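What follows is a set of notes on a single structure, which appears directly below.
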Amino acid sequence: MALPPPIRPADAPPPRPAGRSAQKPQPRIAVVGGSLTGCAAALLLLHAGFTQVTIYEAAPDAAPRGGGLIGLEHPALDILDRLGIDQSEFVAHDSETVRRVTVRARQPIHTLRQAYPGRNTTWTLLHAALATRLPAGVLRTGRRVAALGVHHTQPVLTFGDGSREVADLVVFADGRTSTGRRLLDPARRLRYAGYVAHRGHAPTPNQPLRDFLRLEPGPGCQYNVAPVPGGLDWTLYLTCSPTAYAQHFGAPPERRTFALPHHVGPAARAHVDAHAARLLPAAHAAIVHATTARMAVPVMDIDPPTRMAWPAGRGWAVLLGDALAPVRPHTARGANNGIEQAAGLVAALTQHHRWGADLAAALHGWQRRHLPAAIAAVHQGPAIGARLGLGHHPHQATPST
Ligand SMILES: Cc1cc2nc3c(=O)[nH]c(=O)nc-3n(C[C@H](O)[C@H](O)[C@H](O)COP(=O)(O)OP(=O)(O)OC[C@H]3O[C@@H](n4cnc5c(N)ncnc54)[C@H](O)[C@@H]3O)c2cc1C
């Protein structure tokens with residue numbers, strides 16, 4: 001894979017000589033987005049001794065947030081360990097078993113047991129574990145970043161209300177509809193993959209469940225369910241045309257990139273309930289039918305990233321997590337990538353700040369290590385979707401709309 005050459009602003013100062021005693025002023029680091037990647041990045045920065053860290057989060061404090069089950073692999077778990085976050089805080093059910101069940105005519109016909117190299121958490125548990133560790137004043141909610149400019153060689157963020165903040169480094173962790181990606185890498189646009197991850201939280205499980213259970217009832221459907229605090233979290237993947245998506249959730253998939261509970265109308269519920277009744281074993285159809293709290297996520301694709309860092313005057317801007325590359329949910333890599341990239345970025349910045357390493361070279365090294373995993377996950381998503389017959393593929397009939 002050809003990587004872009006080392007990146008250095010034309011007017012960047014020459015590298016500082018390395019030295020333990022180099023006393024440098026603290027860089028101002030602006031993290032855009034206060035979800036999993038942004039909060040993890042900010043905590044890692046603070047933990048490494050950076051003191052001028054601020055998170056700007058668009059959503060107001062009271063906005064409905066969150067999501068369901070997230071599998072974290074050992075490298076991401078280890079990063080959280082090093083932050084001193086006890087696993088019991090965010091892992092409610094510690095099963096490592098995934099049961100993958102082939103279903104035909106609503107009956108299980110074959111079960112494969114696999115061990116997952118990680119643990120399951122939920123967005124809510126993990127976000128709370130990260131956010132409660134942020135010192136007061138670091139996370140500023142209701143602050144939507146609209147633009148990034150350069151003023152007197154200094155990166156400057158402009159917010160929706162017209163106010164501005166200066167930074168030395170801007171870390172965009174602003175998710176799949178990232179403003180940072182639109183500004184820094186505008187050619188990479190989201191494309192709807194032709195299917196939807198319908199999600200639900202069933203508060204009262206009608207059957208005991210300990211492991212992650214994956215049901216594959218044939219082309220055009222996959223159903224995952226696992227225990228979470230207070231019930232079961234399920235995801236039902238179903239093919240859905242863009243027109244049907246807009247009818248179900250009130251806007252096209254490129255605009256309604258998360259359908260929150262209040263966007264899920266009766267037509268969307270009926271669509272999911274009918275498919276559950278037709279495809280899933282009766283006990284799981286009953287779980288779906290009993291679920292009132294529902295959400296949906298249209299599955300999106302994007303061209304693979306070719307870089308992660310851009311000079312901005314004498315400073316830098318970087319993309320992390322879903323802002324860099326939103327990947328299909330089946331890859332179970334989105335949150336993992338974001339946390340691993342954040343830790344790698346902090347290592348590069350620490351080498352620069354503490355030991356005088358050349359910043360452009362440090363960022364290039366970080367990019368060289370983390371781009372391949374992001375690219376691999378971007379490619380893996382469509383391969384999984386095709387295996388499951390989900391979305392629109394050439395030479396394949398669409399099983400449902
Ligand atoms: C069904 C499903 C299952 C999944 N399972 C897994 C899994 O098992 N393992 C895994 O690793 N991943 C999984 N993922 C993916 C994972 O949830 C995401 O990759 C992860 O949550 C992305 O986190 P993020 O912080 O990068 O982005 P987001 O969570 O999207 O956060 C972006 C934040 O930025 C804010 N923001 C946006 N624009 C601006 C702006 N202009 N200014 C300021 N703030 C802004 C938003 O309000 C938001 O808070 C799954 C996803 C789905 C849908």
Report summary line: Summing +1 per Lys or Arg and -1 per Asp or Glu among the other residues with Cβ less than 12 Å from V264's Cβ gives +3
Query raised in the report: Are there any helices in the chain, counted as whole DSSP H runs, that stretch 15 Å or more along their axis by Cα and score at least 0.0 on average by Kyte-Doolittle, and if so which?
Result: 36-47, 359-387
**Report entry** Full-extension gain in nm, D94 to T111, via 0.36 nm per residue minus C-alpha separation
**Finding:** 4.1 nm
**Report entry** Most mobile of R181, R314, R328 in a GNM of the chain (Cα contacts under 10 Å)
**Finding:** R314
Requested in this report: Just the number, please: carbon plus sulfur as a percent of the accessible area of segment 86-162, 1.4 Å probe, no ligands or DNA/RNA counted.
Outcome: 51
Requested in this report: Take the alpha carbon atoms of segment 31-46, find their center, do the same for segment 304-359, and report the distance between the two centers in whole angstrom.
Outcome: 11
Report task. Could you provide, to the nearest whole Å², the per residue accessible area of the chain with probe 1.4 Å? Result -> 43
Report task. Report the antiparallel proportion of the DSSP beta bridges in the chain as a percent, rounded to a multiple of 5. Result -> 75
**Report entry** the chain - percent relative contact order, Cα under 8 Å, separation 6 or more
**Finding:** 23
Query raised in the report: In what sequence, highest mean first, do 85-95, 213-223 appear when ranked by Cβ atoms within 10 angstrom?
Result: 213-223, 85-95
Query raised in the report: Relative contact order of segment 73-232: what whole-number percent is it, with Cα pairs under 8 angstrom and at least 6 residues apart?
Result: 24
Requested in this report: Quick one: among P229, P326, P266, which has the greatest mean-square fluctuation in a GNM of the chain with alpha-carbon springs under 10 angstrom?
Outcome: P266
Report task. With the cut-off at 22 Å, report for segment 147-235 the share of all Cα pairs above it, as a whole percent. Result -> 57
Query raised in the report: How big, in percent, is the set of alpha carbon pairs in the chain lying more than 28 Å apart?
Result: 48
Query - Most mobile of L43, L388, L232 in a GNM of the chain (Cα contacts under 10 Å) - result: L388
**Report entry** Check: the chain dipole with +1 on Lys, Arg Cβ and -1 on Asp, Glu Cβ, in debye
**Finding:** 480
Query raised in the report: If you build the Cα gyration tensor of segment 65-216 and take the root of 5 times each eigenvalue, what three semi-axes come out, in whole angstrom, biggest first?
Result: 39, 21, 15
Query raised in the report: Rg and Dmax of segment 151-302 over Cα atoms: what are they, in angstrom?
Result: 19.4, 65
Query raised in the report: For the chain, what is the calculated [θ] at 222 nm in deg cm²/dmol (nearest 500), taking -39500 (n - 2.57) for each run of four or more DSSP H residues and dividing by its residue count?
Result: -9500 deg cm²/dmol
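The values are calculated or read from the model by the stated rules, or taken from the named source; none is laboratory data. Given the structure is predicted, the values throughout are model-derived calculations rather than measurements. In this analysis, Cβ positions are derived from the backbone assuming ideal geometry, glycine residues included, and neighbour counts consider all displayed protein chains. Side chains are part of the model used for accessible areas, which takes the heavy atoms of the whole protein and leaves out ligands, DNA and RNA. Shrake-Rupley method; radii C 1.70, N 1.55, O 1.52, S 1.80 Å.
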